[in-house]
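One structure is given here, and the rest of the page talks about it.
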């Protein structure tokens, strides 16, 4: 299952281990999204950055929209339409692709609830399937 991680808060004034973990996840700016395949493998990293990110399993429809509209090749070139299906298949299998690993998203339409509170009342931490609604608003 592919998991999407989105950076919600900025990293100014954070501890060095938090910044290093975000750097290893390639989350350097607000509203950047990264896809991972094995959430168990990244569990400790997600626990470290839980107060700055949100994550959850991404659905196939949202993954298609994300790759089609926000996927970029090197040189910031848009992804050709004929490559989209092969890239999605490679992402789901966990194989390397030739697109950039970070998806730059818009701020969510209608805003966020709260950047400092966990998911049911705010926007941080594990969201489950609700990540799809957030990503849809951000694409």
Fill in the blank from the handout: Those residues of segment 82-139 which are farther than 23 Å from residue 26 by Cβ and in contact with a helix residue (DSSP H, G or I) (Cβ under 6 Å, 6 or more places away or on another chain) amount to 109
Handout entry: Matching option when the condition is surrounded by fewer than 16 Cβ atoms within 10 Å (Cβ to Cβ) and modelled with pLDDT of 95 or more, among 134, 63, 24
Key = 24
Handout entry: helices (runs of 4 or more DSSP H) fully within segment 1-93 counting 1 or more residues that are within 21 Å of residue 118 (Cβ to Cβ) and free of Cβ contacts under 8 Å to residues at least 12 places away in the same chain
Key = 43-48
Problem - Unmet criterion (only one of (1) closer than 23 Å to residue 1 by Cα; (2) within 13 Å of the chain's Cα centre (by Cα)) for residue 129 - result: (2)
Handout entry: Candidates 125, 111 - the one that is surrounded by fewer than 13 Cβ atoms within 10 Å (Cβ to Cβ) and on the phi > 0 side of the Ramachandran plot
Key = 111
Fill in the blank from the handout: Residue hits (segment 96-122; part of a loop (DSSP other than H, G, I, E, B) and closer than 14 Å to residue 33 by Cβ) are 99, 100, 101, 105, 106, 107, 108
Completion exercise
Per the list (1) over 16 Å from residue 25 (Cα atoms); (2) touching a strand residue (DSSP E or B) at 6+ places or on another chain (Cβ under 9 Å); (3) surrounded by 13 or more Cβ atoms within 10 Å (Cβ to Cβ), residue check on residue 78 breaks on (3)
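The values are calculated or read from the model by the stated rules, or taken from the named source; none is laboratory data. Values in this document were obtained by computation on a predicted structure and should not be read as measured data. Reconstructed Cβ throughout: ideal geometry from the backbone, glycine too, with neighbour counts over all protein chains shown.
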